[in-house]
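Peer 1: Starting off with a structure, shown below.
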Amino acid sequence: MVDVCYTNKDLNLVFTAYGETNYYFNGTQTTNGDIWEYEVMEAFIYKGKDDPQTYLEYEVNPNNVTYNAFVYNPSRVRATGAPFDHAFITDPFADGFKVDTKLDKAKGTWTTRSTIPLALFNGENPCGTTWRMNFFRTITSPDTYPNQQLCGWRNTGAANFHITPAFDTVIFV
């Protein structure tokens with residue numbers, strides 16, 4: 001589950017995983033490492049109405065480690081042979097990102113509260129604006145790694161989250 005809200009300066013995301021059993025991550029990984037190889041919750045965010053060619057990819061793992069990058073995906077589907085690149089946000093906390101992860105193994109929950117600065121999207125107070133977003137979850141365990149279960153708010157129909165026509169519309173009121 002993902003709750004999305006905003007202030008005049010930030011997007012606020014609250015990711016909650018219910019029925020969590022593994023909380024599986026690589027403890028040696030740091031900011032912008034390949035945390036997506038393990039368990040993560042992800043948001044792909046674009047300000048605008050189009051199927052984006054560039055967008056923010058934000059991920060967090062159960063160890064409170066984040067992946068923060070703008071994705072360049074001119075094919076909109078990560079087509080074989082097409083350009084595809086990431087421009088990393090190398091100091092997200094100095095840039096205004098905040099992240100707080102709580103694991104409750106007794107209840108089987110993982111909750112992460114994240115703050116993403118609106119300035120990344122050249123904006124303030126998004127009231128009345130339209131965005132395109134998708135949210136994803138990657139699940140694996142010590143027994144199944146490197147195999148993963150992939151799920152999303154809007155199904156992309158492939159083992160590929162970078163299919164921007166699958167991003168849905170979010171209107172801030």
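The values are calculated or read from the model by the stated rules, or taken from the named source; none is laboratory data. Keep in mind that this is a model prediction, so the values were computed, not measured. As a convention, Cβ positions derive from the backbone with ideal geometry for all residues, glycine included, and neighbour counts pool all protein chains shown. Keep in mind that these areas ignore ligands, DNA and RNA; they rest on the heavy atoms of the full protein, side chains included. Shrake-Rupley method; radii C 1.70, N 1.55, O 1.52, S 1.80 Å.
Peer 1: Could you pull out the residue among Asp85, Asp95 that is touching a Phe, Trp or Tyr at 6+ places or on another chain (Cβ under 9 Å), open to solvent by 20 Å² or more (accessible area, probe 1.4 Å) and farther than 20 Å from Asn26 by Cα?
Peer 2: Asp85
Peer 1: Taking the range 122-161 on its own, how many of its residues are of a type in the set (Val, Ile, Thr), over 12 Å from Trp36 (Cα atoms) and under 16 Å from the mean Cα position of the chain (by Cα)?
Peer 2: Adding up the residues that qualify gives 1.
Peer 1: Report the residue count in the range 13-30 for those that are under 22 Å from Ala87 (Cα atoms) and either of a type in the set (D, E, K, R) or open to solvent by less than 60 Å² (accessible area, probe 1.4 Å) (or both).
Peer 2: Residues in the range 13-30 being under 22 Å from Ala87 (Cα atoms) and either of a type in the set (D, E, K, R) or open to solvent by less than 60 Å² (accessible area, probe 1.4 Å) (or both): 2 in total.
Peer 1: If you check Thr101, Thr111, Thr115, which single one turns out to be touching a residue at least 12 places away in the same chain (Cβ under 8 Å), open to solvent by 30 Å² or more (accessible area, probe 1.4 Å), within 16 Å of the chain's Cα centre (by Cα) and closer than 19 Å to Met1 by Cα?
Peer 2: Criteria check complete, one pass: Thr111.
Peer 1: If you don't mind, another one. Out of the residues in the range 140-173 meeting the condition of being at pLDDT 95 or above and in a strand (DSSP E or B), tell me which one is farthest from Asp10 (Cα to Cα).
Peer 2: The residue in question is Asp168.
Peer 1: Oh, and also: Inspect the range 112-133 for any residue being in contact with an Asp or Glu (Cβ under 6 Å, 6 or more places away or on another chain) and farther than 18 Å from Ile45 by Cβ and give the result as yes or no.
Peer 2: Looking for residues that are in contact with an Asp or Glu (Cβ under 6 Å, 6 or more places away or on another chain) and farther than 18 Å from Ile45 by Cβ, one finds none in the range 112-133, hence no.
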